[in-house]
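Please read the structure below before turning to the comments.
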Amino acid sequence: MDLRLEIAKILESKEIGMSVDEILLSLETPPNKDMGDFAFPCFRLAKTMRKAPNMIAEDLVSSIDAEFIKEVKNVGPYVNFYIDNEFLAKLTIEEILSKKERYGSSEMGKGKSVVIDYSSTNIAKPFHIGHIRSTVQGDALKRIFRFLGYDTYGINYLGDYGTQFGILLAAYEKWGDKDTINQDPIKELLKLYVAYNELAEEDESYMDVARAWFRKLEAEDEKALEIWNWFKEISLKEFDRVYKMLDIEFDSYDGEYYHSKFVPEVVEILEKENLLELSEDAQIVRLDEFDMPPAIILKRDGSSTYITRDIATAMKRMENYNFYKNIYVVATQQSLHFKQLKKVVDKMGFDWANKIEHVAFGMVSLTDGTLSTRHGRVVFLEDVLNKSIEQTLDIIEKRNPNLENKEQVAKQVGIGAIKFQELFNNRIKDYVFSWDEVLNFDGETGPYVQYSHARANSLVNRYGEDIDANIDYSILSTPEENELIMNLYKTPDVIRVAMEKLEPSMITRAVVEVSKSFNKFYNTVNILNSSKEEQKARMALVESTRITIKLLLNLLGIQAPEKM
Ligand code: ARG
């Protein structure tokens, strides 16, 4: 039962000239509890109903009556709804205890496939702290869509093609040593790359050598391919280690190189549609009408570009997955690129252009300044994860030295903390990565939420009796209990809206709210020091909380240890 919807239906039946959907859009959640659980503003009715908004609100109040509503009051032009606590408690707890970890899931996505392009690392380049954003946001989105019944496909669109590989091949030929590289692949390859760039900055002719190598790669020259394949293999081995730590998987690793073979198909359609134009020897598609610079399809030497390969890739994704949405989780720096991609695909006559979505996010920086890969000053994600695990282990040694599986818990908490911080902020905002915040057990952090879950779990274990929804709901009547129940009740809505807005941080915020209200409840209400009936009722609420925190963490890709 969706209370907002029920309220909207009631209001609609009062013939106020608004549809249920319109009412749903204007229903608000008041800033504080004294003003009720839901509020309906009457301003916009004044014109059609030819009455002052206050009067309309007053009339509505006197005519509304429903089982789940404890009270309706108007404050000026607002109709404020107070939900009956007992009703809400029963509704919520029954639902959670019967659905368990599927609470809030749905079938709304049945038969629809969603492609999510995330992480999309570049071969032979470091997997650095900046990549945390796309990797973790994309994975969370995949989990959220899947929970709502969509068929999801996670794609790591490998950056394994482009002139930079010409540079690497040239550098390898000049200085490369197989054994040295095998010992520390990414660091060595990065060194080669940086050194060659420096050389080429002084002497342009080195760039020609690099370009020649890239052409060899394009022409599938045996030697070029062999070295490139090896670069790819050793890079992926490194990346996989990090993905394993993060508990993140992909359905496909088909990247730029793989899709470059479909570029001729793109060019053929563009030619047929008369969209290509020659400009300074390059083949371009003009986008003047959208105030955008042209998309360069083929460079003067005939090679494809990043956008051309993305067009080819989008076409293949449509063929393979018949997607309902094709989502790219990529930094805001590439916003223009994705706008151009959409427009070109649209001009080509593909009606699925509007199913392309760029989920953009801001920069992550470290307290000691921004990140820069260009000159080799990088912070490897793997190092950050390991440091987090180590520090967590130190904290556990201090707080709870007798904990079983310390190492395992330190991993769950250390990694969870990093993911949580990443998913806490609205994704479009830049943020500064700070150790103090990440591992704070009392702030709005992963460890805090995980700790709340472990606390609920230990209560359940101490109680030891069966827990069910067959309880006296009138017992759950303190403000702390009401607040917690309201937060649990809202969970399915939060998940759905997070999916619609493509904003996992809404779930992160919600799980913090659930945890905070749970801890308030825990600190003020006697849970196990009470009568049998009270214990039974309160433990049903504890168990509902435990289930909800765990499933929300799960949607964020964060584990919930049983003990901490
Ligand atoms: N590899 C690219 C980069 O690191 C991101 C690729 C994003 N996906 C895409 N289909 N363009 O910037």
- Answer yes or no as to whether Phe239 is touching a strand residue (DSSP E or B) at 6+ places or on another chain (Cβ under 6 Å) and within 16 Å of the ligand (Cβ to nearest atom). no
- Task: Return the pairs, sorted by first residue and then second, in which the second residue is among the hydroxyl-bearing types (Ser, Thr, Tyr) and assigned to a loop (DSSP other than H, G, I, E, B), the first residue lies in segment 245-256 and is over 17 Å from Gln137 (Cα atoms) and within 13 Å of the ligand (Cβ to nearest atom), the beta carbons are less than 8 Å apart, and the residues are 6+ apart or on different chains.
- Result: Asp254/Tyr157; Gly255/Ser120; Gly255/Tyr157; Gly255/Tyr161; Glu256/Tyr157; Glu256/Tyr161
- Name the single residue, out of those in segment 88-118 being assigned to a helix (DSSP H, G or I) and touching an Asp or Glu at 6+ places or on another chain (Cβ under 9 Å), that is nearest to Val432 (Cα to Cα). Ile96
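Condition check ((1) more than 27 Å from Lys110 (Cα to Cα); (2) away from the ligand (no atom under 11 Å from the Cβ); (3) not aromatic (Phe, Trp, Tyr)) across all residues:
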site	(1), (2), (3)
Pro293	yes, yes, yes
Ile297	yes, yes, yes
Gly302	yes, yes, yes
Tyr306	yes, no, no
Ala314	no, no, yes
Arg317	no, no, yes
Val329	no, no, yes
Thr332	yes, yes, yes
- Query: Only one of Asp160, Asp151, Asp177 is in contact with a Gly (Cβ under 8 Å, 6 or more places away or on another chain) and farther than 22 Å from Gly557 by Cα; which?
  - Reply: Asp160
- (1) within 12 Å of the ligand (Cβ to nearest atom); (2) within 23 Å of Thr135 (Cα to Cα) all hold for Gly362 apart from (1)
- Note on the structure: If we ask which residues in segment 22-58 are among the charged types (D, E, K, R) and in contact (Cβ under 8 Å) with a residue 12 or more places away in the chain, their number turns out to be 5
- Item | Test for Asn519: is it farther than 30 Å from Asn326 by Cα, among the polar types (S, T, N, Q), at pLDDT 95 or above and within 33 Å of the chain's Cα centre (by Cα) | yes
- Item | Residues satisfying the stated conditions in segment 119-164, i.e. over 22 Å from Val378 (Cα atoms), away from the ligand (no atom under 13 Å from the Cβ) and part of a helix (DSSP H, G or I) | Asp139, Ala140, Leu141, Lys142, Arg143, Ile144, Phe145, Arg146, Phe147
- Can you confirm whether segment 269-287 contains a residue that is in contact (Cβ under 8 Å) with a residue 12 or more places away in the chain, within 16 Å of the ligand (Cβ to nearest atom) and surrounded by 13 or more Cβ atoms within 10 Å (Cβ to Cβ)? no
- Task: Return a yes/no flag: does segment 459-471 have any residue that is among the charged types (D, E, K, R) and either in contact with a strand residue (DSSP E or B) (Cβ under 8 Å, 6 or more places away or on another chain) or surrounded by 15 or more Cβ atoms within 10 Å (Cβ to Cβ) (or both).
- Result: no
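Would you point out which residue out of Val345, Val359, Val330 is part of a helix (DSSP H, G or I) and buried (at least 19 other Cβ atoms within 10 Å of the Cβ)?
It is Val345.
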- Message: Looking at the structure I just gave you, is Lys237 within 14 Å of Asn122 (Cα to Cα), in a helix (DSSP H, G or I), among the charged types (D, E, K, R) and in contact with a Pro (Cβ under 8 Å, 6 or more places away or on another chain)?
- Response: yes
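The values are calculated or read from the model by the stated rules, or taken from the named source; none is laboratory data. This one's a predicted model, so the numbers in the text were calculated from it and none came from an experiment. Cβ: placed from backbone, ideal geometry, glycine included. Neighbour counts: every protein chain shown.
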